[in-house]
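The values are calculated or read from the model by the stated rules, or taken from the named source; none is laboratory data. The structure presented is a predicted model; accordingly, all values stated were derived computationally and were not measured. Neighbour counts run over all protein chains shown; Cβ positions are idealised from the backbone, glycine included. Each accessible area value is taken on the protein alone, full model and side chains, heavy atoms only, with ligands, DNA and RNA left out. Shrake-Rupley method; radii C 1.70, N 1.55, O 1.52, S 1.80 Å.
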Amino acid sequence: MILLCAAGSSRRMRGADKLLELVGSVPLLRRQAVAAAAQGVRVLVTLGPDQPLRAAALERLAVEPLVVPEAAEGMAASLRAGAAAAEGAALLVMLADMPEIGAEDLAAVIAAHLAAPEAVVRAAGEDGTPGHPVVIPARLLAGLTRLSGDQGAREVLRGEAAVLVPLPGQRALTDLDTPEDWAAWRARTGL
């Protein structure tokens with residue numbers, strides 16, 4: 001199962017919504033949901049309770065919106081919700097603000113997971129720097145249910161040797177959180 005984390009508030013965007021920024025002519029959230037849905041597995045997209053424009057960006061896609069009432073708490077709320085919905089299956093955690101991750105990248109990470117289903121699998125930069133997305137095997141999901149605050153799965157993954165899947169360039173490391181990040185990325189990529 002893929003968990004596309006999209007419940008954050010975009011606080012650092014100073015009034016704009018980073019997940020509704022256009023990549024080409026498509027809102028980033030929709031673009032990432034399309035890439036996830038192309039994998040042919042169940043896709044959950046976490047949303048805050050007050051994000052109707054994000055929900056609208058997902059219309060007519062083969063994904064399931066998952067409203068997280070406590071989304072304002074931070075990333076842990078989305079991870080808890082995803083772990084509960086995973087029903088004992090591994091969880092590929094995908095961050096919605098990473099515009100360079102595409103369907104082929106997700107397919108490579110999933111293939112590595114299928115080859116080593118008990119291992120943590122992480123996408124990495126071309127140089128081997130660990131990044132996202134990350135597959136959390138079923139055996140670690142209980143740890144996600146105990147997370148709180150604006151933290152990711154770092155504590156749950158501590159001490160786990162990860163299988164790294166290098167992706168071209170900086171795809172696994174590029175996330176865009178501020179208007180300046182977006183401007184620099186657009187200047188570099190022309191998108």
* About the Cα centre, charge dipole magnitude for the range 1-101 (Lys/Arg +1, Asp/Glu -1 at Cβ), debye -> 180
* For the range 14-34 and the range 95-139, what is the separation of their Cα centres, given in Å? -> 21
* Accessible solvent surface per residue of the chain, calculated while the other protein chains remain in place, 1.4 angstrom probe, Å² -> 46
* To do: Could you tell me which of 86, 38, 20 has its Cα farthest along the dipole of the range 2-97 towards the positive end, charges placed at Cβ (Lys, Arg +1; Asp, Glu -1), taken about the Cα centre?
  => 20
* How much FRET efficiency would the formula 1/(1 + (r/R0)^6) give for residue 145 and residue 60, where r is the Cβ-Cβ distance and R0 is 35 Å, rounded to 0.05? -> 0.65
* Tensor-based shape of the range 1-85 (alpha-carbon gyration tensor, a/c under 1.5 rounded, otherwise prolate or oblate) -> oblate
* To do: May I ask you to give the percent of accessible area on the range 1-160 that is carbon plus sulfur, with a probe radius of 1.4 Å?
  => 55
